[in-house]
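Undergrad: Encoded as structure tokens, here's the structure I'll be asking about.
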Amino acid sequence: MDEYEVLVNVYLSTIKIGNATVGLIGLDSSLQEASGRSLPVQEAVDLIYLQMTGQNYIPTQAETAYRDALKREYLRHIGASEGNKTRGLSIRILGPGCVSCNKLNSMIFDILQRLGVKADIDQIHDLDEIWRHGVQAPQP
């Protein structure tokens, strides 16, 4: 197995930690496992956090921010909400990272800036992650 095959087999998901978007290895499988066990929310978050620290570097001073973000992501994953808090606008650009994707990202950024709208813009290039959003290649 060469280095490329190893990288392809690692699943990386992004999550919003404060103002930064961070990639976490194994987040999707941890969310699936926690939701499958039907744990109380705090126990599920503890499990997910423990699994994330085993596969990712999490600075000790950012533990609270990571736990809060993991809780938000877990609640979103199971279809629950966290009180009356509203989520901000989140835009995901799904594509291979080509010129068209980058141009679309720039156009969206410019439009949002002109309108004064705050939003998170995430570009997703990994095919497995794109497929998890329900996008598939067109059938010939």
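Undergrad: Order the peptides 113-121, 14-22 from the highest to the lowest mean number of other Cβ atoms within 10 Å of their residues.
TA: 14-22, 113-121
Undergrad: Please arrange 74, 49 by how many other C-beta atoms lie within 10 Å of their C-beta, fewest to most.
TA: In order of increasing Cβ crowding within 10 Å: 49, 74.
Undergrad: A further question follows. Treat the count of other C-beta atoms within 10 Å as a stand-in for reagent exposure and order 33, 43, 129 from fewest to most.
TA: 43, 33, 129
Undergrad: Would you mind ranking 38, 30 so that the residue whose beta carbon has the fewest other beta carbons within 10 Å leads the list?
TA: By the 10 Å Cβ count, ascending: 38, 30.
Taken together, the values in this text are just the output of simple stated rules run on the coordinates, not laboratory data. Only a predicted model underlies this, so the values are computations on that prediction, with no experimental measurement involved. Neighbour counts are summed over all protein chains in view; Cβ atoms, including those assigned to glycine, are modelled from backbone coordinates with ideal geometry.
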